[in-house]
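Asks: Have a look at this one before I ask anything.
The values are calculated or read from the model by the stated rules, or taken from the named source; none is laboratory data. From a predicted model like this one, the values you see are computed outputs, not experimental measurements. All Cβ positions, glycine included, derive from the backbone under ideal geometry; neighbour counts span all protein chains shown. SASA here: full protein model, heavy atoms, side chains in, ligands and nucleic acids out. Shrake-Rupley method; radii C 1.70, N 1.55, O 1.52, S 1.80 Å.
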Amino acid sequence: ENRMKQIGTDPDIYGRLVKSLAPSIYEMDDVKKGILCQLFGGVNKNLTNATPCRGEINILLCGDPGTSKSQLLSYVHQIAPRGIYTSGKGSSAVGLTAYVKRDPETKDLV
């Protein structure tokens, strides 16, 4: 318990966690940060109209072939066994949903 508190006071804890997640995969720090957020999860919310909003974060990784997407997700699946790992081969057209919108500040599609 004391060791965990000591680690928690480190100002670079986020960087240390990124380096420790799939350490054999390089140059994917932004993706690793997103996966870390997903692993820690969010907070359930009740919206003003009493609609419950789950605090779970889902991830969709898209990119060029050979960029370690599958290896990274396979690593994470080993440390979070409740997660569901799927690829394009294992998913039906009905089973996955994607949402894209334009960021109001950067005007990029996110």
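Asks: How about the range 26-74: which of its residues are of a type in the set (A, V, I, L, M) and either touching a residue at least 40 places away in the same chain (Cβ under 8 Å) or closer than 17 Å to ILE84 by Cβ (or both)?
Replies: To start, the set of residues in the range 26-74 that are of a type in the set (A, V, I, L, M) comprises 28, 31, 35-36, 39, 43, 47, 50, 57, 59-61, 72-73.
Listed by number, the residues that qualify are MET28, VAL31, ILE35, LEU39, ILE57, ILE59, LEU60, LEU61, LEU72, LEU73.
Asks: Of all residues in the range 1-54, count the ones that are open to solvent by 100 Å² or more (accessible area, probe 1.4 Å), modelled with pLDDT under 85 and β-branched (Val, Ile, Thr).
Replies: Counting residues in the range 1-54 that are open to solvent by 100 Å² or more (accessible area, probe 1.4 Å), modelled with pLDDT under 85 and β-branched (Val, Ile, Thr) gives 2.
Asks: Can you name every residue in the range 94-110 that is at pLDDT below 70 and open to solvent by 100 Å² or more (accessible area, probe 1.4 Å)? Before the answer, list the steps.
Replies: At the first step, the residues of the range 94-110 found to be at pLDDT below 70 are 94-99, 110.
Answer for the range 94-110, where residues must be at pLDDT below 70 and open to solvent by 100 Å² or more (accessible area, probe 1.4 Å): VAL94, THR97, TYR99.
Asks: Quick one: in the range 55-78, of everything that is open to solvent by 100 Å² or more (accessible area, probe 1.4 Å) and either at pLDDT below 75 or among the hydrophobic types (A, V, I, L, M, F, W, C) (or both), which residue is nearest to the chain's Cα centre (by Cα)? Show your work before the answer.
Replies: Here is the first cut: in the range 55-78, the residues open to solvent by 100 Å² or more (accessible area, probe 1.4 Å) are 56, 58, 60, 62, 64-65, 71, 78.
Next, only the ones that are either at pLDDT below 75 or among the hydrophobic types (A, V, I, L, M, F, W, C) (or both) stay: 60, 62.
Details: LEU60: 8, CYS62: 13 Å.
If we take residues in the range 55-78 being open to solvent by 100 Å² or more (accessible area, probe 1.4 Å) and either at pLDDT below 75 or among the hydrophobic types (A, V, I, L, M, F, W, C) (or both), then LEU60 is nearest to the chain's Cα centre (by Cα).
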